[in-house]
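The values are calculated or read from the model by the stated rules, or taken from the named source; none is laboratory data. None of these values were measured; they are calculated from a predicted model. Methodologically, a virtual Cβ is constructed for each residue, glycine included, from the backbone with ideal geometry; neighbour enumeration extends over all protein chains shown. The area values use the complete protein model at the heavy-atom level, side chains included, leaving out ligands, DNA and RNA. Shrake-Rupley method; radii C 1.70, N 1.55, O 1.52, S 1.80 Å.
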Amino acid sequence: MVKLNQVVITGATGFIGKNLRKYLSKNNVKLISISRRDFKPLKNEIKIISKNFDEKNIISKIQNSDALIHLIGIGKQSVEIDYNSINVELTKKIVNLCENAKIKKIVYLSGLGVSSNTSLGYFISKYKAERSIINSGLNFTIFRPSYIIGKDDYLTKLLKKQIKNNQLQIPGPGNYLIQPIYIDDVVKVIFESIMRIEFQNKILDLVGPETVTFEQYVKLFSKKTKTSIQKINLEDSYYNAINKIKSDYGVDDLNILIGNFKGNHQKLTKISQIKFQSVLELLESGRLF
Ligand SMILES: NC(=O)c1ccc[n+]([C@@H]2O[C@H](COP(=O)([O-])OP(=O)(O)OC[C@H]3O[C@@H](n4cnc5c(N)ncnc54)[C@H](OP(=O)(O)O)[C@@H]3O)[C@@H](O)[C@H]2O)c1
């Protein structure tokens, strides 16, 4: 068990960032949280506002922290911002920052389905980010998450919005599998990964105890609302993703769903010793609403 002095978090105001900061702050971990925009710091937290990590004084502010948790990432591209600049190049910059600030441990959230055999641009960018971390010689833990579920994750917010509009939509047949994991478990695992030596230099799937088809998931989510569910032909779903910038599912959201990725939950349980929440039970209980 490592004695923690201070932890740095990038992507501090994102979904995982917000939940993780709350959990670590409650557990009396000193935080230095970095975001592009202003936010209210928690107990034991120092904030840094930075757009591109170019400020010279960042190193002196974060140096000798015990770990950096890198939560910056994008899953949709545009002409302004692409996978290479954020997922690959910014990760390289963060790795350099760790080296210059003498931070020995980095935790990174990659994606379930990432591998050296992938042909998907999104996964290639995450794979390259993983390699730059592994090749740096820093002590690392890389997680490859499936859908991380809470009250305010992307999928939950999307399904709530569709329920409000009285029409749930499933791209294609909905028979592809997901392996959702609860955010409260994710923040615990990340905490463990910076505390315990068993996580050192490991790549772990960050997946929940159950695999479930997307259709089952949506049905369970909306059970109490009796909202009708419409299956959208896959070709139409891709057409919308390609042509409408604000479509509910982006091209890579669809690719990931159709990819049908499953992970090794047992390995995660064995190493973390955590008893994981069943996301299906959570849905049944209505606690995500
Ligand atoms: N949530 C999931 O189910 C899931 C599944 C697989 C992988 N992941 C990975 O886990 C990490 C965190 O996910 P999340 O759900 O917390 O995502 P999120 O809510 O979208 O947060 C990502 C954060 O990245 C930062 N960011 C985004 N674009 C940026 C840019 N152009 N320049 C600088 N910073 C930028 C932002 O931080 P600030 O606004 O604070 O600057 C943003 O809040 C990501 O790498 C994601 O790919 C998540």
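With respect to I242, determine if the residue is more than 19 Å from S110 (Cβ to Cβ), free of Cβ contacts under 8 Å to residues at least 40 places away in the same chain and open to solvent by 30 Å² or more (accessible area, probe 1.4 Å). So that I can check it myself, show each step before the final result.
Values: more than 19 Å from S110 (Cβ to Cβ): yes; free of Cβ contacts under 8 Å to residues at least 40 places away in the same chain: yes; open to solvent by 30 Å² or more (accessible area, probe 1.4 Å): yes.
So I242 fits the description; yes.
Of K157, K128, which residue is at pLDDT 95 or above, open to solvent by 40 Å² or more (accessible area, probe 1.4 Å) and either outside any helix (DSSP H, G or I) or closer than 21 Å to I181 by Cα (or both)? Steps first, answer last, please.
Details: K128 fails: either outside any helix (DSSP H, G or I) or closer than 21 Å to I181 by Cα (or both).
Going through K157, K128 in turn, just one is at pLDDT 95 or above, open to solvent by 40 Å² or more (accessible area, probe 1.4 Å) and either outside any helix (DSSP H, G or I) or closer than 21 Å to I181 by Cα (or both): K157.
Counting residues that are under 30 Å from R21 (Cα atoms), which helices (runs of 4 or more DSSP H) fully inside the stretch 174-289 reach at least 2?
Values: elements: 183-195, 214-222, 234-243, 251-259, 265-272, 279-285.
Because the criterion is at least 2 residues that are under 30 Å from R21 (Cα atoms), the helices (runs of 4 or more DSSP H) in the stretch 174-289 that meet it are 183-195, 214-222, 251-259, 265-272, 279-285.
Among the residues of the stretch 83-90, is any loosely packed, with under 15 Cβ neighbours inside 10 Å and either under 20 Å from the mean Cα position of the chain (by Cα) or under 19 Å from Q200 (Cα atoms) (or both)? First the steps, then the outcome.
So the first thing to find is which residues in the stretch 83-90 are loosely packed, with under 15 Cβ neighbours inside 10 Å, and the list is 84-85.
Still in the list and also either under 20 Å from the mean Cα position of the chain (by Cα) or under 19 Å from Q200 (Cα atoms) (or both): 84-85.
Yes, some residue in the stretch 83-90 is loosely packed, with under 15 Cβ neighbours inside 10 Å and either under 20 Å from the mean Cα position of the chain (by Cα) or under 19 Å from Q200 (Cα atoms) (or both).
Among (1) surrounded by fewer than 17 Cβ atoms within 10 Å (Cβ to Cβ); (2) at pLDDT 95 or above; (3) over 27 Å from P180 (Cβ atoms), where does V79 come up short?
Every condition holds for V79 apart from (2).
When S60 is evaluated against the numbered criteria (1) in a helix (DSSP H, G or I); (2) hydroxyl-bearing (S, T, Y); (3) open to solvent by less than 10 Å² (accessible area, probe 1.4 Å), which criterion, by number, is the only one it fails?
Unmet for S60, out of (1) in a helix (DSSP H, G or I); (2) hydroxyl-bearing (S, T, Y); (3) open to solvent by less than 10 Å² (accessible area, probe 1.4 Å): (3).
Which of the residues spanning the stretch 252-289 are open to solvent by less than 30 Å² (accessible area, probe 1.4 Å), under 16 Å from D153 (Cβ atoms) and of a type in the set (V, I, T)?
Hit for the stretch 252-289 is V279, nothing else.
Could you run through the stretch 115-125 and say how many residues are buried (at least 23 other Cβ atoms within 10 Å of the Cβ) and hydrophobic (A, V, I, L, M, F, W, C)? Don't jump to the end; show me each part of the working.
Of all residues in the stretch 115-125, those buried (at least 23 other Cβ atoms within 10 Å of the Cβ) come to 122-123, 125.
With hydrophobic (A, V, I, L, M, F, W, C) added as a condition, the list becomes 123.
Residues that pass the stated criteria total 1.
Which residue is farthest from the ligand (Cβ to nearest atom), if the candidates are limited to the stretch 72-118 and must be under 14 Å from S136 (Cβ atoms) and in contact with a strand residue (DSSP E or B) (Cβ under 6 Å, 6 or more places away or on another chain)? Steps first, answer last, please.
Our first condition is that a residue be under 14 Å from S136 (Cβ atoms); within the stretch 72-118, this holds for 88, 91-108.
Checking the rest, the ones that are also in contact with a strand residue (DSSP E or B) (Cβ under 6 Å, 6 or more places away or on another chain) come to 94, 98, 103-108.
Working: I94: 10, C98: 16, I103: 18, K104: 21, K105: 17, I106: 13, V107: 11, Y108: 8 Å.
Going through the qualifying residues, I end up with K104.
If the requirement is being of a type in the set (G, A, S), more than 9 Å from the ligand (Cβ to nearest atom) and farther than 15 Å from I190 by Cβ, which of these qualifies: S35, S60, S50?
The match here is S60.
Give the residues of the stretch 160-190 that are away from the ligand (no atom under 14 Å from the Cβ), open to solvent by 30 Å² or more (accessible area, probe 1.4 Å) and not aliphatic (A, V, I, L, M), sorted by residue number.
So in the stretch 160-190, the residues away from the ligand (no atom under 14 Å from the Cβ) come out as 160-177, 188.
With open to solvent by 30 Å² or more (accessible area, probe 1.4 Å) added as a condition, the list becomes 160-161, 164-167, 169, 173, 175, 177, 188.
Passing the criteria: K160, K161, K164, N165, N166, Q167, Q169, P173, N175, K188.
Tell me which of these T211 doesn't satisfy, since it passes every other one: (1) touching a residue at least 12 places away in the same chain (Cβ under 8 Å); (2) farther than 29 Å from Y108 by Cβ.
Every condition holds for T211 apart from (2).
For Y249, indicate whether it is open to solvent by less than 70 Å² (accessible area, probe 1.4 Å), in contact with a helix residue (DSSP H, G or I) (Cβ under 7 Å, 6 or more places away or on another chain) and within 30 Å of I203 (Cα to Cα).
Values: open to solvent by less than 70 Å² (accessible area, probe 1.4 Å): yes; in contact with a helix residue (DSSP H, G or I) (Cβ under 7 Å, 6 or more places away or on another chain): yes; within 30 Å of I203 (Cα to Cα): yes.
Answer is yes for this residue.
Report, ordered by the first and then the second residue, all pairs with beta carbons closer than 9 Å, sequence separation of six or more or different chains, a first member in the stretch 61-74 that is at positive phi, and a second member that is part of a loop (DSSP other than H, G, I, E, B) and more than 16 Å from the ligand (Cβ to nearest atom).
Listed by first residue and then by second, the contacts come to N64/N5; N64/A101; N64/K102; N64/I103.
Restricting to strands (runs of 3 or more DSSP E) lying wholly in the stretch 1-50: which have 2 or more residues that are among the β-branched types (V, I, T), touching a residue at least 40 places away in the same chain (Cβ under 8 Å) and open to solvent by less than 70 Å² (accessible area, probe 1.4 Å)?
In the stretch 1-50, the matching strands (runs of 3 or more DSSP E) lie at 6-10.
It is to be established whether one or more residues within the stretch 89-112 are under 20 Å from N255 (Cβ atoms), modelled with pLDDT of 95 or more and of a type in the set (V, I, T).
Step one: filter the stretch 89-112 for residues under 20 Å from N255 (Cβ atoms), giving 109-112.
Next cut, modelled with pLDDT of 95 or more only: 109-112.
Those left that are additionally of a type in the set (V, I, T): none.
No, there is no match, as no residue in the stretch 89-112 is under 20 Å from N255 (Cβ atoms), modelled with pLDDT of 95 or more and of a type in the set (V, I, T).
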